[in-house]
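Remarks on the structure that follows.
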Amino acid sequence: MHLDDICSPGDIRGLDQEGLEELAAELRQRIIGTVARNGGHLASNLGVVELTIALHRAFDFTRDKLIWDVGHQCYAHKLLTGRQADFSSLRQFGGLAGFPRREESAYDAFDTGHASTAISAAVGYARARQLQGGDYHVVAVVGDGALTGGMCYEALNDAGSNKLRMIVVLNDNGMSISRNVGAVSGYLTRLRAGKGWFDAKRVVSGWLKRIPVVGMGLYRLFHRVKNSIRNIFVQDRLFDTLGFHYLGPVDGSDIQGLERLFRRAKQQDEPVLIHVVTRKGSGYTQAEDHPSRLHGTPPFNVETGEPLAPSAVSMSQAAGDELLRLARQDQRVAAVTAAMTAGTGLKGFARELPDRLYDVGIAEEHAVTMAAGLAAGGARPFVAIYDTFMQRAYDQTLHDVCLQRLPVCFLMDRAGLSEDGETHHGLYGIAFMRQLPGMTVLCASSRAELRAMMRYAMEQSGPVAIRYAKEDESGRKDEKITPYTPVWQSMRDGGDAAILACGGILWEAIRAAELLDQQGIRCAVYNASCVCPLDEKTLSSIKSPLITLEEGVLAGGFGSAVSQYCAAYGRPGPALMLGIEGLCMTQGDRALQLKAHQLDAASIADRVRKWKENR
């Protein structure tokens, strides 16, 4: 049976070993080919192909519930659940999402995109089943990297202490994006080293059965005490202590072995944790050898694994390079990140100053409060976390940093629209950070400005958040850095309107003003780089009608701040407030997303022209 012949997971349940191996190979080929064209998450998906097949053979997810933690490893799941005809549109504008999405398929039980949430969602499903008298199974697939996040333990403790009937599949590949860090990683390594338990159990069981007269009695006794004996080999204490029946470790490439273990877990009337050992990038040499680089990748050459196009000009790398320069000059400087050393441009920092880089795992809350402790102790911490993930540490930012007025600098990478869609958009950073007392919020429009802002942050006595996009859209070389001041810079003159733009979308504003020039409409453009506090001196000096522009949500955002200022001082509010309205569900190429939200240069010019005509 070929992949294109599979209409539902039920079609794979009759396959023999040879058929299963052929299916796994075809799934890998389809995933590699599609990600090579579209970009996406590769190594993580290749590692769970057999696991995914086994899950769909052992469970009926038309009624049972499957929840993927993070969800970036769900490509094989999508292919097996009737979406293969649309799979070529993966992560494209208007196409299949790169993560589970309930509106996309009944097989997607829960929308995920951030780590460490699946077990909590599964606990909720298990309780909903109790309330409604259902009898379906609830399965959460969680990577070992997610176990660095505290929510996992809150959920495991809740489920175990209340003996909720559910199954957690621990997909252990020794990595999240980069190599995992911390005590949990070491603990799982010791469990993986204890796989001799399975061989020992098989040998001892067979030997006992052959003893005349007393053999079967000893065999039954052995099975009554086997959990204690197992710990000699496996040394598991954590999951048993949390109230879970632990099964594993088991080979994640053995489909039939996995299936047998899943069926055994279904018979348990208690929470079960199945420890599955997989290999990230399995089946594709380039991904096996470079799992971090091919975790999330742009389109690439299948033969070499190298990107098809030159790397974009990276704001992340500029931040990492500047932080290393600051750290060389000042012993107090430290870098903090949450399992994103490579993604936030800190690999060079880690190589040169490993003792001053703290990667705490997928634990943003801990990262922020730990940074607050560093600052209280006299250090100058820079916390590098994506804008979308900073949402997870809102309380710590308020309670532990702002209320104590500590000099923590937040490097909020990936601000703005993300190709990965709604779970990864960095659209809320301005709205939630500018509410915090004493927080300075800056939006960098270029690498040079970002570097200058970091130097400025070093001089401040309180918290500073610097938001910046993944790529430098300015088209400029990394020019000479001039000292930063929180004064809005006039980029061009014009008397018909003044466009106030913050961050990377500034360059769309400038291009829009150039288009309007051709229509006889003269618009000034200001780089409103400091959005909190506002540059009230410059704002009060502008006499033209105001137009605010931001690559973020309008509610509570930059335009809202300008509107509040105008109301407070009795001047006309913005004539237009341009930004993201409502829930943003788009994904794919940023240019297409900007156009869809009427935030590209042509759309901005058109909206300004229509406003001008209707005045």
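Of the two radii for the range 490-613, the radius of gyration is 0.94 times the Kirkwood radius, both from the alpha carbons; that is the Rg over Rh value.
The helix-only estimate of mean residue ellipticity at 222 nm for the chain, built from DSSP H runs of length n ≥ 4 each weighted as -39500 (n - 2.57), is -11500 deg cm²/dmol after division by the residue total.
Remark on Gln489: its backbone amide H falls under 5 Å from those of Asn527, Ser529, a criterion applied only to residues 5 or more positions apart or on other chains, H modelled at 1.01 Å from N. Given +1 at the Cβ of Lys and Arg, -1 at the Cβ of Asp and Glu and no other charges, the dipole of the range 315-467 around its Cα centre is 500 debye to the nearest 20. Computed about its Cα centre, the charge dipole of the chain is approximately 1280 debye, with only Lys, Arg, Asp and Glu carrying charge at their Cβ.
Taking the three principal axes of the alpha carbon atoms in the range 1-95, the coordinate ranges are 35, 27, 22 Å, sorted in descending order.
Largest first, the extents of the alpha carbon coordinates of the range 315-467 on the three principal axes equal 38, 32, 29 Å. For the pair Cys566 and Cys7, the difference between a 0.36 nm per residue extended length and the Cα-Cα distance amounts to 195.4 nm.
With a Förster radius of 25 Å applied to the C-beta separation of Glu288 and Ser311, the computed FRET efficiency comes to 0.65.
Among Tyr565, Tyr526, the ranking by other beta carbons within 10 Å of each residue's beta carbon, starting with the fewest, stands as Tyr565, Tyr526. Of the residues Val138, Met390, Ala513, the one whose Cα sits farthest toward the positive end of the charge dipole of the chain, with +1 on the Cβ of Lys and Arg and -1 on the Cβ of Asp and Glu, is Val138. DSSP loop (so not H, G, I, E, B), at most 14 other Cβ within 10 Å: list which trypsin sites (Lys or Arg not before Pro) in the range 389-439 pass both filters. Sites meeting the loop and neighbour criteria: Arg405.
On a 0 to 90 degree scale, rounded to 10, what angle separates helix 255-266 from the longest Cα axis of the chain? Long axis of 255-266 versus the principal axis of the chain: about 90 degrees. Under the Kirkwood approximation applied to all pairs of distinct alpha-carbon atoms, what is the hydrodynamic radius of the range 238-299 in Å? One decimal place: 13.7 Å for the Kirkwood radius. Look at the alpha carbon pairs under 8 Å that are at least 6 residues apart: their mean separation over the length of the range 315-467 gives a relative contact order of 23 percent. Each of Val608, Asn527, Met585 was scored by the projection of its Cα onto the charge dipole of the range 490-613, and the greatest displacement toward the positive side belongs to Val608; charges sit on the C-beta of Lys, Arg, Asp and Glu. Measuring r between the beta carbons of Arg37 and Gln268 and using R0 = 25 Å, the FRET efficiency lands at 0.05.
Computed from Cα atoms, the angle from the helix 315-329 axis to the main principal axis of the chain rounds to 80 degrees. Between Arg260 and Tyr153, the simple label model (points 7 Å from Cα in the Cβ direction) yields a spacing of 3.5 nm. Between helix 601-613 and the chain, what is the angle of the helix's C-alpha long axis to the longest principal axis, kept within 0 to 90° and rounded to the nearest 10? Helix 601-613 sits at roughly 50 degrees to that axis. Using the Cβ-Cβ distance between Leu403 and Thr485 with R0 = 22 Å, the FRET efficiency computed as 1/(1 + (r/R0)^6) comes to roughly 0.25. The value of relative contact order for the chain, using C-alpha pairs under 8 Å at least six residues apart, is 11 percent. Over all Cα atoms in the chain, the spread is summed up by Rg and Dmax: 27.0, 103 Å.
Arranged from fewest to most other beta-carbon atoms within 10 Å of their beta carbon, His275, His2 become His2, His275.
For the range 490-613, relative contact order (Cα pairs under 8 Å, six or more residues apart, normalised by length) works out to 27 percent.
Relative protection proxy for 304-313, 592-601, from highest mean packing down: 592-601, 304-313 (other beta-carbon atoms within 10 angstrom).
Less than 5 angstrom separates the built amide H of Val408 from those of Val464, all sequence-distant by 5 or more or on a different chain. Taking the Cα centre of the range 490-613 as reference, the dipole from Cβ charges on Lys and Arg (+1) and Asp and Glu (-1) amounts to some 240 debye. Residues whose amide H falls under 5 Å from that of Ala97, counting only those 5 or more places apart or on a different chain, are Arg91, with hydrogens built in the peptide plane. The order of Val553, Val608, going from fewest to most other C-beta atoms within 10 Å of their C-beta, is Val553, Val608. A straight chain from Asp395 to Thr241 at 0.36 nm per residue would run longer than the Cα-Cα distance by 52.5 nm. As I understand it, the dipole of the chain uses +1 on the Cβ of Lys and Arg and -1 on the Cβ of Asp and Glu, about the Cα centre. Which of His295, Ile481, Ser88 lies farthest toward its positive end? Of the candidates, His295 comes out farthest on the positive side.
Checking every one of the trypsin sites (Lys or Arg not before Pro) in the range 37-122 against DSSP loop status and a limit of 14 other Cβ atoms within 10 Å picks out Arg63, Arg102. Under 15 Å from a point 7 Å along the Cα-to-Cβ line of Ser540: which residues of the range 556-593 have their amide N that close? Under cut-off, by backbone N: 565-572.
Values quoted throughout were computed directly from the atomic coordinates according to the rules given, and no laboratory measurement underlies them. Computed from a predicted model, the values in this text were never measured in an experiment. Positions of Cβ are backbone-derived with ideal geometry, glycine not excepted, and every protein chain shown enters the neighbour counts.
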